[in-house]
Each structure stands twice: as C-alpha cells, then as structure tokens.
Amino acid sequence: MKVCEIFTSIQGESSYSGMPCTFIRMTGCNLRCAYCDTMYAYEEGTELSVEEVLCQAERSGIPLIEITGGEPLLQGGVYDLIGGLLQKEFTVLIETNGSQNIGEIDPRVRTILDLKTPGSGMSDRMDLSNLSRIRRNDEVKFVLTGRTDYEWSKEIIHSHQLRDRCHILLSPAYGILPPEKLAQWIIADRLPVRLNLQLHKYIFGTERRGV
C-alpha cells in the first residue's frame, strides 16, 4: 500500500470528535474538491506492507484508528489492513469520499461517508447507491459551502430517510461558511444532525500537518 502519513492527534471530526486517535492517511484520490485541505495526499507517500502499518498503529498506544485519505478504498490492501486492525481489537473508523462502493467494508468498522455537495464541484461523482448500504453505526457527512449545499443536503437526508438510519454530520467548509450561520440554519429547521466542526484546525491551526 502507498501510505501518505501515519500520526496521532485529536479526532477533529465525526461523533468521536475530541478523542485521541491515530490516523492512517492513504495516498491517492480520484476527486478534486474545491475546498480540499489535503492535496499533498494526491501523490505523496511511501510503500508500506500491512504488517509495517500495523506495527506503527500498535506503537501509537491509541485504541482508536481512522483510515483516511485521499481516498482509502482505491487501494485493495486497505481491506487486509482493516482485518488486521480488527484482529488486534482496535476501534476502526474509515472515511471515504462517497464515490466508491462501501459494500465490502467490514460491518465492525464505522464508515464515515463524506458525501460531496455541489459546492465541492464533485457532487456528480457520488455513488448514491451507497446510501442503501449505510448501517446504523455509520455516519454520513456533508461539507457545506453555503445555503445551496445546505438545501441539497437536507433533500438527501429526507429523501433517503437518513435521520432514522445513521449518524448525520453537517460541517461548514473551513474559512468559507461561518459555523454560526450553519448552526442557525440547523436550529431554525430543527434538523436532527450533529454540527461537525474541524476541531483539530481550531486547536492546531490550518498549516500544520500530522495533527
């Protein structure tokens, strides 16, 4: 597998936000979102075996692991990595960009499906059939750049009955949509979702990698 970086930080997003977490960031992505903050993961990385990655995960001493990218499902070895992490009794999260079939992910893993909104420029690349594969323990995340993205996300939430089927995260695109504005929309609509801030950026800033 080609791995961009492995580091331990605070889980900045998802329902695990605020918890210590070791991140395994895979190299490569098939999308080019307008607000992407990890463009270095498009190509940077080192070839590592599954065993090498597992050893680094164990050395971290953190029971919570997130596999992210880039887009981790582009690399077939990720499934062997997931199996190894589960065998070692890690709690495993995987964040995927919404364009790849999530049906082969082990049900013991919490899948975070980052469904791209129109403001990303990539919404037409989404595999919406993934919404039929979502399990109750999984999460669907929408990163919003403005009101159009918010209304688009509301329609997806309602038409696919997501409020009854999984955790829902609405995240303001950092530096584009003020969190206060998104919070006001959620409150006004009584929308049953979690406001999902990128906590790590508020703690460590936006320029540092590996945090």
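The values are calculated or read from the model by the stated rules, or taken from the named source; none is laboratory data. Predicted, not measured: the structure shown is a model, and the values here were computed from it. Backbone-built Cβ (ideal geometry, glycine too); neighbour counts: all protein chains shown. Please note that ligands, DNA and RNA were not included when accessible areas were found on the heavy atoms of the full protein model with its side chains. Shrake-Rupley method; radii C 1.70, N 1.55, O 1.52, S 1.80 Å.
What's the longest bit of the chain with no exposed GluC sites (Glu not before Pro), using DSSP loop states and at most 13 other Cβ atoms within 10 Å as the test? Result for the longest clean stretch: 105-206.
Count Lys and Arg as plus one, Asp and Glu as minus one, and take only other residues whose Cβ is under 13 Å from that of residue 128; the net charge is then 0. Comparing 178, 142, 87 along the charge dipole axis of the chain, the residue lying farthest to the positive side is 178, per the Cβ-charge model.
For segment 125-211, what's the relative contact order in percent, using C-alpha pairs closer than 8 Å and at least 6 residues apart? Provide the component values of the computation, followed by the final result.
Working: 77 pairs, mean separation 24.6, N = 87.
Answer for segment 125-211 is 28 percent.
Taking the centroid of alpha carbons for each part, segment 67-94 and segment 108-162 are 21 Å apart.
Taken per residue, the accessible surface of the chain reaches 46 Å², heavy atoms only and a 1.4 Å probe. In order along segment 108-124, phi translates into HN-Hα couplings of 7, 8, 8, 8, 10, 8, 8, 7, 7, 8, x, x, 6, x, 10, 5, 6 Hz, rounded to whole numbers, per the Karplus curve 6.51 cos²θ - 1.76 cosθ + 1.60 with θ = phi - 60° and x for Gly and Pro.
Between the amide H of residue 66 and those of 22, 23, 24, 93, distances stay under 5 Å, these residues lying 5 or more places away or on another chain, with hydrogens modeled in the peptide plane. Taking a ≥ b ≥ c as the square roots of the eigenvalues of the alpha carbon gyration tensor, segment 130-211 is oblate, as a/c is not under 1.5 and a/b does not beat b/c. Other residues within the sphere of radius under 13 Å centred on the Cβ of residue 116, judged by their own Cβ, net out at -3 (K and R +1, D and E -1). For segment 55-61, putting each phi into the Karplus relation 6.51 cos²θ - 1.76 cosθ + 1.60 with θ = phi - 60° gives couplings of 4, 5, 4, 5, 5, 5, x Hz, in residue order, rounded to whole numbers and with x for Gly and Pro.
Each residue of segment 31-44 is assigned a 3J(HN,Hα), and the resulting list reads 10, 9, 5, 4, 9, 3, 10, 9, 4, 4, 7, 4, 9, 5 Hz, derived from the Karplus form 6.51 cos²θ - 1.76 cosθ + 1.60 (θ = phi - 60°), x at Gly and Pro.
If the cut-off is a Cα-Cα distance under 28 Å, which lysines reach residue 181, setting aside same-chain residues fewer than 8 apart in sequence? Cross-link targets: 116, 141, 154, 201. With Kirkwood's inverse mean 1/r over C-alpha pairs for Rh, give me the Rg to Rh ratio of segment 3-111, two decimals please. Rg divided by Rh gives 0.92. Dividing the C-alpha radius of gyration of the chain by 2.2 N^0.38 Å, with N its residue count, gives 0.97. Per-atom-type breakdown for segment 10-101 gives carbon and sulfur 48% of the accessible area (1.4 Å probe, protein chains only). Normalised by the number of residues in the chain, the average gap of Cα pairs under 8 Å and 6 or more apart makes the relative contact order 19 percent. Solvent-accessible area of residue 131, all protein chains in place: 0 Å² (probe radius 1.4 Å, heavy atoms, ligands and nucleic acids excluded).
A simple count of charges around residue 27, restricted to other residues whose Cβ falls under 13 Å of its Cβ and scoring Lys, Arg +1 and Asp, Glu -1, yields -3. Straight-line cross-link partners of residue 88 among the aspartates and glutamates, defined as a Cα under 13 Å from its Cα and at least 8 positions apart when in the same chain: 51, 58, 80.
About the Cα centre, and with charges only on the beta carbon of Lys, Arg (+1) and Asp, Glu (-1), how big is the dipole of the chain? Nearest 20 debye, please.
Roughly 640 debye, rounded to the nearest 20.
Within the full protein context, the accessible area of residue 80 is estimated at about 110 Å² for a probe radius of 1.4 Å.
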